[in-house]
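Beneath this line is the structure, given in structure tokens, with notes to follow.
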There are 2 protein chains.
Amino acid sequence: MARGKDNALDAGDKVGTICRALRRAIIEQALEPGAKLPEDTLGERFGVSRTIARHALGQLAAEGLIELRRNRIAVVATPSWQEARDAFDVRIEMERLVVRQLAGRLSRAQLAELEAHVDLEDAARDGPDAVSIRLATEFHVLLAQMTNSPILIRYVSELAYRCCLTLSLYSRPHSSECAINEHRLVIAALAAGDTDRVMELMGHHLESVASRALVGPGKPHGLDLMGVLAPYAAEARDAVPARRVGRPRLRTG
Amino acid sequence: MARGKDNALDAGDKVGTICRALRRAIIEQALEPGAKLPEDTLGERFGVSRTIARHALGQLAAEGLIELRRNRIAVVATPSWQEARDAFDVRIEMERLVVRQLAGRLSRAQLAELEAHVDLEDAARDGPDAVSIRLATEFHVLLAQMTNSPILIRYVSELAYRCCLTLSLYSRPHSSECAINEHRLVIAALAAGDTDRVMELMGHHLESVASRALVGPGKPHGLDLMGVLAPYAAEARDAVPARRVGRPRLRTG
DNA sequence: CGATAGGCAATTGCATGCACTTTTCCGGGC
DNA sequence: GCCCGGAAAAGTGCATGCAATTGCCTATCG
């Protein structure tokens, strides 16, 4: 192995690791839309070179999570209201497809897994918003994964993340109460194998989430970009062995 | 710019240029599934360094057009039959969404553009298969573009390309006759603003295309990889100024 | 004759360096 | 006081070099 002696948790997929960390930071709203992501700062944070950071940014840009303009610093995407609405429309259709494929076809174990996840969401209700938002999103991703269709999984995940982003721009604080109940209803209908009903439920559920994103021109933001990233980098590999970490510059997106 | 002094046609977006060229080579089946794409050979062909070629491969992999495994040469994707079926299922849903949004909302000019495209398909009927396949695919992409929804555009394009790939693996030679007629029917229904009918038509059309991909375990293939790529590279920039082009190695996927 | 281990060529993984572009900051003019 | 212009700083675009891995080819052994 190279000199760096990475700990084995990172199975060599540095780019993937960075992507996952950034995605998570974004859906937990630690990185708000518009936040700047300079290649070299990112590289320092994760203990890799700009080349790798750049590659990761490329992937995230392909997913629509960040915006990449030539010769400009990458920023977390700031979807327009119209784009947000489009994303939700497509997402609704895709997730209806997911539950259509799943209705009546889930094993007892899978249903239990879903229930367990919703229990988790329930438990996190009093915790920080960031966590409950992430969990709510992951419920939908979990459903998609049960289809075993790589394409569906990828698209639903992407759309879910983008919609998360949207919510952080246009929606009010977040109240997950009813969302959690709706998740339970969906599980019940899936178990019952009631295809039409589960599609309806999912459609309504997503529509109601989307409708929370109706008004509000979005808040301006300013935050300590790289400081906020630290825990995500730390989680990715256990410590950042970056060779020469001076105090990271403060950026205020 | 560096020493290379590219001609101005390439607006600096080298990665995008390579992606487009490769995508096109793939959908025209000049690059068959399984064909190898070594970074440096690619770089030589397009007159860029491995860094850029690598980045392009990363993007294409994100789109599912090629497969990228660690420490291994990138290859054009070889979707399993199941993946292919999934892709078609999702695609059908997405394109129904497209025409739903479009029905009755197209301008006269847009309808004319669609007709013109189908005329092109018609004219290409006697030409090489590669061209008529590409045109058929582009009809669907064109429709998607008219929605002005970046997400829809991206997903439909991706899916259309992937399905193309599929056809080259599992389908018989290609007879575009009826497909062209179906395209015309779709246009007519769009113009009439008959939402339900156009969704039905599009669904049937895609289903019938998919059904052509039912049997056949796929043909083995062998081809002169980089030789076949030359025209695509040439089209991308007018000539390849690569510094030291020895005879490119022949690879036989 | 077939299977196998070892070595070499091909290829990827990644960091670094240099050129170019954009942004920022500062001083002078209006 | 505000706007403009120019230079320094920050950042990206890209090529190249080196280490590590893989894959192939061959010589050797059963």
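Yes or no: the range B:169-176 includes at least one residue that is modelled with pLDDT of 95 or more, open to solvent by less than 20 Å² (accessible area, probe 1.4 Å) and either within 14 Å of B:GLU32 (Cβ to Cβ) or in the same structural domain as B:PHE139 (by TED's automatic domain parsing) (or both). Can you show your working first?
Step one: list which residues in the range B:169-176 are modelled with pLDDT of 95 or more, which gives none.
No: zero hits.
Anything in the range A:147-161 that is within 17 Å of A:LEU97 (Cα to Cα) and part of a helix (DSSP H, G or I)? List them, or say none. Explain how you work it out, then say what you get.
Of all residues in the range A:147-161, those within 17 Å of A:LEU97 (Cα to Cα) come to A:147-160.
Across the range A:147-161, the qualifying residues are A:PRO150, A:ILE151, A:LEU152, A:ILE153, A:ARG154, A:TYR155, A:VAL156, A:SER157, A:GLU158, A:LEU159, A:ALA160.
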(request) Specify the residue that is farthest from DNA strand C (Cβ to nearest atom); the eligible residues are those in the range B:59-76 that are in contact with a strand residue (DSSP E or B) (Cβ under 7 Å, 6 or more places away or on another chain) and open to solvent by 40 Å² or more (accessible area, probe 1.4 Å). (result) B:GLU67
(message) Let me confirm something: among B:ALA30, B:ALA109, B:ALA21, which residue is more than 14 Å from every other protein chain (Cβ to nearest Cβ) and within 22 Å of B:LEU190 (Cβ to Cβ)?
(response) B:ALA109
(request) Residue by residue through the range A:20-58, note down the ones that are away from DNA strand C (no atom under 13 Å from the Cβ) and assigned to a loop (DSSP other than H, G, I, E, B). (result) A:GLU28, A:GLN29, A:ALA30, A:LEU31, A:GLU32, A:PRO33, A:ALA35
(message) Going residue by residue through the range A:96-115, is there one that turns out to be outside the structural domain of A:THR147 (by TED's automatic domain parsing), open to solvent by less than 80 Å² (accessible area, probe 1.4 Å) and charged (D, E, K, R)?
(response) no
(request) Show the residue pairs that are 6+ apart or on different chains and have beta-carbon atoms under 9 Å apart, the first residue being within the range A:132-147 and under 18 Å from B:VAL90 (Cα atoms), the second being of a type in the set (Phe, Trp, Tyr). (result) A:VAL141/A:TYR161; A:ALA144/A:TYR155
(message) I'm told B:LYS36 meets every condition in (1) within 15 Å of DNA strand D (Cβ to nearest atom); (2) under 19 Å from the mean Cα position of the chain (by Cα); (3) within 13 Å of chain A (Cβ to nearest Cβ) except one. Can you identify the failing condition by its number?
(response) (3)
(message) So A:ILE92 ticks every box in (1) over 20 Å from A:ALA189 (Cα atoms); (2) crowded, with 20+ Cβ neighbours inside 10 Å but one. Which box is left unticked?
(response) (1)
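The values are calculated or read from the model by the stated rules, or taken from the named source; none is laboratory data. As the structure is a computational prediction, the values presented were derived from the model and not from experiment. So basically every Cβ, Gly included, is an ideal-geometry build from the backbone, and we count neighbours across all protein chains shown. All accessible areas refer to the heavy atoms of the entire protein, side chains included, with ligands and DNA or RNA removed. Shrake-Rupley method; radii C 1.70, N 1.55, O 1.52, S 1.80 Å.
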